[in-house]
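Peer 1: This is the structure I want to talk about, given as structure tokens.
The values are calculated or read from the model by the stated rules, or taken from the named source; none is laboratory data. Note that the structure is a prediction, hence the values are computed from the model and not measured. Here Cβ is always computed from backbone atoms with ideal geometry, including for glycine, and neighbour counts include all displayed protein chains.
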Amino acid sequence: METRPAGNRERKHPKEPVPPAARRAALAGGVGTFIEYYDYLLFSVLTVYIAPLFFPSGDPAASVLAGLAVYGAGFVAKPIGAIVFGRMGDRRGRRQTLLLTVVLMGVTTSLIAVLPTHASIGIAAPILLVVLRVLQGASSGAELQGAVTYVLESAPKSRRAGLASMVNLGTGLGGASGAFTAAVIGMTVSPQTMLTWGWRVPFLVAIPLTVLAFMVRKRLEDSPDFAELVQRNQIARSPVKDTFVTHRRILLIAILVALAYAMFGGLLGWLVPYLTGLRRLDPAPIFLTYAIGQALGNVVVPTIGRLTDRFGHRGMIIAAFLVSLLLMVPILAVLGGATSPLFLGIAITLFIALIAGSGVAIYTYIAEVFPVSARFTGSNIGTQLATAVGGGTAPLIASTLVLALGSVFAPLLVLGAAALIGVTAVLVAPRFLAGSESPLYGRAPQATTTAARV
């Protein structure tokens, strides 16, 4: 049975050694999310090519906005995936669920690669594209937060954020690899060839990557925390109901924290279309710069994970939002006016570093705030309800604000709102969850609850 932290402070643990099984879990979590986010974020990177092929228009800005709307459709499906796969994770196991999500993502991404365009099949093309994006969104609805949960439950308590940060690192490097692949293809073939078939090649790479992820994850066992629930025959009968009823206070905090991060992180979906569509910069060099920025920006992730283990989630989350607000002003100034690859690269790298670093503390916080019996369901539902609202709309809102206000600083309005929501949520959480079954702040649960035996 878990002990509870005293007062309103998050409990700290003495530093413990990392067993080999925990290292294997961290590696598998990182590899899986690498491939998942290579697949998922390709659409955002290649929107400048996909949009006119599936949403032809005389106005390039209108095509880009239509493409971003389809990008957002994937986010709308995320809560559905969180409910379906979240329940599966708490009922059937973390490992089995994460195997299924990565395969579904790989299949849908591969189908996008061979999808006929509007010129070939008319209105059916954008409809099919939306359907595939919805399936992508559903599969990703339990991937990142689910992988964080799996690694976290496999790690010593004092090393959880540090090891789980490998999942965050996988997402960043996966996005970097997608952008790098798109950049290499774009610099190898002509712009006309890129529009004809070149944009399809990065999506086809998903096939061998999916096979690799499946093989890596198939060799793992389930997390020790879930295995203990199975051994004691204490699997929750209805984790979805438990999440919305028994743990509704925890869910609300999780949604608010996740919403703040989704609004901030969603601005990455605005970045490349803004530079290549609205600023009309050459796409291939931007893809390459973005890929390098993703790789360099995510270097901070393991360090932030270790700092989170040392100083706690709340302090790191608050610091992340405050620092981001300060640094985004010069970053946006460079993005709005610079043409030099060096200056754009520095700005993009810092932009990504702020988002990637913030995510480490946030994702582990959302997982740890739920009791184990409903953790996979609750953390995924909380994250994806917020992501559907914040992440799916942030690129479109940022683009619309930039067009309406005529200023590259317009996304600061999105970030400011995100910071207000996130900081407020983590500050009120200790008192708000004092009577809940949260392992971080709540009372010790009664013996009749599933969380009590964890």
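Peer 1: Out of everything in segment 19-62 that is within 15 Å of residue 168 (Cβ to Cβ) and among the β-branched types (Val, Ile, Thr), what residue ends up being modelled with the lowest pLDDT?
Peer 2: 35
Peer 1: Only one residue in 340, 358 is touching a helix residue (DSSP H, G or I) at 6+ places or on another chain (Cβ under 8 Å) and either modelled with pLDDT of 90 or more or over 17 Å from residue 147 (Cα atoms) (or both), so which one is that?
Peer 2: On the way: 340 fails: touching a helix residue (DSSP H, G or I) at 6+ places or on another chain (Cβ under 8 Å).
From the options 340, 358, the qualifying one is 358.
Peer 1: A further question follows. Can you name the residue in segment 18-45 that is under 15 Å from residue 98 (Cα atoms) and among the β-branched types (Val, Ile, Thr) and is also surrounded by the most Cβ atoms within 10 Å (Cβ to Cβ) among such residues?
Peer 2: Out of the qualifying residues, it is 33.
Peer 1: Do you know which residues across segment 166-200 are β-branched (Val, Ile, Thr), part of a helix (DSSP H, G or I) and over 22 Å from residue 266 (Cβ atoms)? Steps first, please.
Peer 2: In the first step, residues of segment 166-200 are kept if they are β-branched (Val, Ile, Thr); the result is 167, 171, 181, 184-185, 188-189, 193, 196.
Remaining after also requiring part of a helix (DSSP H, G or I): 167, 171, 181, 184-185, 188, 193, 196.
181, 184, 185, 188, 193, 196, listed by residue number.
Peer 1: Pick from 240, 189: which is free of Cβ contacts under 8 Å to residues at least 12 places away in the same chain and surrounded by 17 or more Cβ atoms within 10 Å (Cβ to Cβ)?
Peer 2: Working: 240 fails: free of Cβ contacts under 8 Å to residues at least 12 places away in the same chain.
Of the residues listed, the single one that is free of Cβ contacts under 8 Å to residues at least 12 places away in the same chain and surrounded by 17 or more Cβ atoms within 10 Å (Cβ to Cβ) is 189.
Peer 1: Please verify whether residue 448 is of a type in the set (S, T, N, Q), surrounded by fewer than 21 Cβ atoms within 10 Å (Cβ to Cβ) and either modelled with pLDDT under 85 or in contact with a Lys or Arg (Cβ under 7 Å, 6 or more places away or on another chain) (or both), treating the condition exactly as stated.
Peer 2: Values: of a type in the set (S, T, N, Q): yes; surrounded by fewer than 21 Cβ atoms within 10 Å (Cβ to Cβ): yes; either modelled with pLDDT under 85 or in contact with a Lys or Arg (Cβ under 7 Å, 6 or more places away or on another chain) (or both): yes.
Criteria met by residue 448.
Peer 1: Can you tell me which residue is surrounded by the most Cβ atoms within 10 Å (Cβ to Cβ) among those in segment 114-131 that are at pLDDT 90 or above and hydrophobic (A, V, I, L, M, F, W, C)? It would help to see each step written out before you state the result.
Peer 2: If we filter segment 114-131 for residues that are at pLDDT 90 or above, which is where we start, we get 114-116.
Filter again for hydrophobic (A, V, I, L, M, F, W, C), leaving 114-115.
Values: 114: 9, 115: 20.
Applying the filter and picking the extreme gives 115.
Peer 1: Are any of the residues in segment 123-138 more than 27 Å from residue 56 (Cβ to Cβ), of a type outside the set (Phe, Trp, Tyr) and in a helix (DSSP H, G or I)? Spell out the reasoning first.
Peer 2: Initially, segment 123-138 is screened for residues more than 27 Å from residue 56 (Cβ to Cβ), giving 138.
Then drop every residue that is not of a type outside the set (Phe, Trp, Tyr), which leaves 138.
In the following step, the residues that additionally are in a helix (DSSP H, G or I) were identified as 138.
Within segment 123-138, one or more residues are more than 27 Å from residue 56 (Cβ to Cβ), of a type outside the set (Phe, Trp, Tyr) and in a helix (DSSP H, G or I).
Peer 1: Follow-up question, since we're still on this one. Provide a single number: the residues in segment 258-314 that are more than 26 Å from residue 46 (Cβ to Cβ) and among the acidic types (Asp, Glu).
Peer 2: If we filter segment 258-314 for residues that are more than 26 Å from residue 46 (Cβ to Cβ), which is where we start, we get 258-260, 300, 302-314.
Okay, now just the ones that are also among the acidic types (Asp, Glu), so 309.
Residues meeting the conditions: 1.
Peer 1: Only one of these is hydrophobic (A, V, I, L, M, F, W, C), within 21 Å of residue 41 (Cβ to Cβ) and at pLDDT below 90: 396, 415. Name it.
Peer 2: Numbers: 415 fails: at pLDDT below 90.
None of the others qualify; the one that does is 396.
Peer 1: Please work out if residue 388 is crowded, with 23+ Cβ neighbours inside 10 Å, within 29 Å of residue 172 (Cβ to Cβ), in contact with a helix residue (DSSP H, G or I) (Cβ under 8 Å, 6 or more places away or on another chain) and modelled with pLDDT under 90. First the steps, then the outcome.
Peer 2: Working: crowded, with 23+ Cβ neighbours inside 10 Å: yes; within 29 Å of residue 172 (Cβ to Cβ): yes; in contact with a helix residue (DSSP H, G or I) (Cβ under 8 Å, 6 or more places away or on another chain): yes; modelled with pLDDT under 90: yes.
Here the answer is yes, as residue 388 does meet what is asked.
Peer 1: Okay, next question. Across segment 157-195, which residue is nearest to residue 299 (Cα to Cα) among those that are among the polar types (S, T, N, Q) and touching a Phe, Trp or Tyr at 6+ places or on another chain (Cβ under 6 Å)? Even if it seems obvious, please write down each step before you answer.
Peer 2: Pass one, segment 157-195, residues among the polar types (S, T, N, Q): 158, 165, 168, 171, 177, 181, 188, 190, 192-193.
This time we only want the ones that are touching a Phe, Trp or Tyr at 6+ places or on another chain (Cβ under 6 Å), so: 171, 177.
Working: 171: 12, 177: 14 Å.
The qualifying residue nearest to residue 299 (Cα to Cα) is 171.
Peer 1: Can you name the residue in segment 224-235 that is of a type outside the set (A, V, I, L, M) and in contact (Cβ under 8 Å) with a residue 60 or more places away in the chain and is also surrounded by the most Cβ atoms within 10 Å (Cβ to Cβ) among such residues?
Peer 2: Taking segment 224-235 first, the residues of a type outside the set (A, V, I, L, M) are 224-226, 228, 231-234.
Of the ones still in play, those that are also in contact (Cβ under 8 Å) with a residue 60 or more places away in the chain are 224-226, 228, 232, 234.
Numbers: 224: 15, 225: 17, 226: 26, 228: 14, 232: 11, 234: 16.
By that ranking, first place goes to 226.
Peer 1: Report the residue count in segment 213-223 for those that are surrounded by fewer than 16 Cβ atoms within 10 Å (Cβ to Cβ) and assigned to a helix (DSSP H, G or I).
Peer 2: So the answer is 2.
Peer 1: Is it the case that some residue within segment 186-207 is closer than 23 Å to residue 367 by Cβ, touching a helix residue (DSSP H, G or I) at 6+ places or on another chain (Cβ under 8 Å) and among the aromatic types (Phe, Trp, Tyr)? Spell out the reasoning first.
Peer 2: Start the filter on segment 186-207 by keeping residues that are closer than 23 Å to residue 367 by Cβ, which leaves none.
No; the residues of segment 186-207 include none that is closer than 23 Å to residue 367 by Cβ, touching a helix residue (DSSP H, G or I) at 6+ places or on another chain (Cβ under 8 Å) and among the aromatic types (Phe, Trp, Tyr).
Peer 1: Of 308, 339, which residue is among the β-branched types (Val, Ile, Thr) and not in a helix (DSSP H, G or I)? Outline the logic, then answer.
Peer 2: On the way: 308 fails: not in a helix (DSSP H, G or I).
Matching residue, one of 308, 339: 339.
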